[in-house]
1. What residue, of Gly168, Gly146, is small (Gly, Ala, Ser) and at positive phi?
2. Please verify whether segment 52-65 includes one or more residues that are surrounded by fewer than 22 Cβ atoms within 10 Å (Cβ to Cβ) and at pLDDT below 80.
3. Name every residue in segment 105-123 that is within 25 Å of Val30 (Cα to Cα) and either surrounded by fewer than 15 Cβ atoms within 10 Å (Cβ to Cβ) or not polar (S, T, N, Q) (or both), in order of residue number.
4. Out of Arg126, Arg131, I need the residue that is surrounded by fewer than 18 Cβ atoms within 10 Å (Cβ to Cβ), of a type in the set (Lys, Arg) and either touching a strand residue (DSSP E or B) at 6+ places or on another chain (Cβ under 7 Å) or modelled with pLDDT under 90 (or both). Which one?
5. Within segment 148-159, can one find any residue that is acidic (Asp, Glu), touching a strand residue (DSSP E or B) at 6+ places or on another chain (Cβ under 6 Å) and surrounded by 14 or more Cβ atoms within 10 Å (Cβ to Cβ)?
6. Taking the residues in segment 137-151 that are among the β-branched types (Val, Ile, Thr) and touching a Ser or Thr at 6+ places or on another chain (Cβ under 9 Å) as candidates, determine which candidate is farthest from Leu167 (Cα to Cα).
7. Would a scan of segment 87-104 turn up a residue that is touching a Leu at 6+ places or on another chain (Cβ under 8 Å), buried (at least 19 other Cβ atoms within 10 Å of the Cβ) and in contact (Cβ under 8 Å) with a residue 60 or more places away in the chain?
Amino acid sequence: MRHRHRQVSASLVLAAAAAVALAGCASEPVSTATVGLGRGGQYARVLGVVVVCSGIVDGLDLSADDQAPLSIGDGQRRITRWVSPDAVSELGATDLTGSTIWPAEREIERFALGVDYSLGAYAEDRSVVARPVVFTAEQFDTLSVGEIIIGDVRDGTSQTISVESFLGRACADA
């Protein structure tokens, strides 16, 4: 009987320890965001738009897909990192020709053909679950000012919509 009591006690202690450990994981700050890419401003520059559905993000990363035949950046295949001057907690429209972190191209004149690009949100010191946009140069070249690409060209979810539509439904599925 004593042996059985020890087993039950040990099981309860292990269960309590596991619950505490899992509670610690659950409390880790997580942000969620949706990203789109379009043309904006007076000169129709490349414009990244992020809607933060929960939490905070600090900027956007533009990178080439891992399968792309392109040698770029810092080994992480990052072309540009746009860093927001202030953490974005609701909505940020970010001009990718602006302030960036090395090894970025400060201005994107043309995306290379035949390469998949990904624009996604990032955050410092916390997790981000973000729906990035994955696009091609050909797709971007067809954009007009006021239009935005969302989704992923690789799995067929990519589409072009108005900025207003994007802002209206960015967090609907989050």
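The values are calculated or read from the model by the stated rules, or taken from the named source; none is laboratory data. Keep in mind it's a predicted model, so treat the numbers as computed, not measured. Counting neighbours? That spans all protein chains shown, and the Cβs are built from the backbone with ideal geometry, glycine included.
1. Working: Gly168 fails: at positive phi.
Among Gly168, Gly146, only Gly146 is small (Gly, Ala, Ser) and at positive phi.
2. Within segment 52-65, one or more residues are surrounded by fewer than 22 Cβ atoms within 10 Å (Cβ to Cβ) and at pLDDT below 80.
3. Restricting attention to segment 105-123, the residues satisfying the condition of being within 25 Å of Val30 (Cα to Cα) are 117-123.
Those that are within 25 Å of Val30 (Cα to Cα) and either surrounded by fewer than 15 Cβ atoms within 10 Å (Cβ to Cβ) or not polar (S, T, N, Q) (or both): Tyr117, Leu119, Gly120, Ala121, Tyr122, Ala123.
4. Arg126
5. Scanning segment 148-159, I find at least one residue that is acidic (Asp, Glu), touching a strand residue (DSSP E or B) at 6+ places or on another chain (Cβ under 6 Å) and surrounded by 14 or more Cβ atoms within 10 Å (Cβ to Cβ), so the answer is yes.
6. Residue satisfying both the conditions and the ranking: Thr142.
7. no
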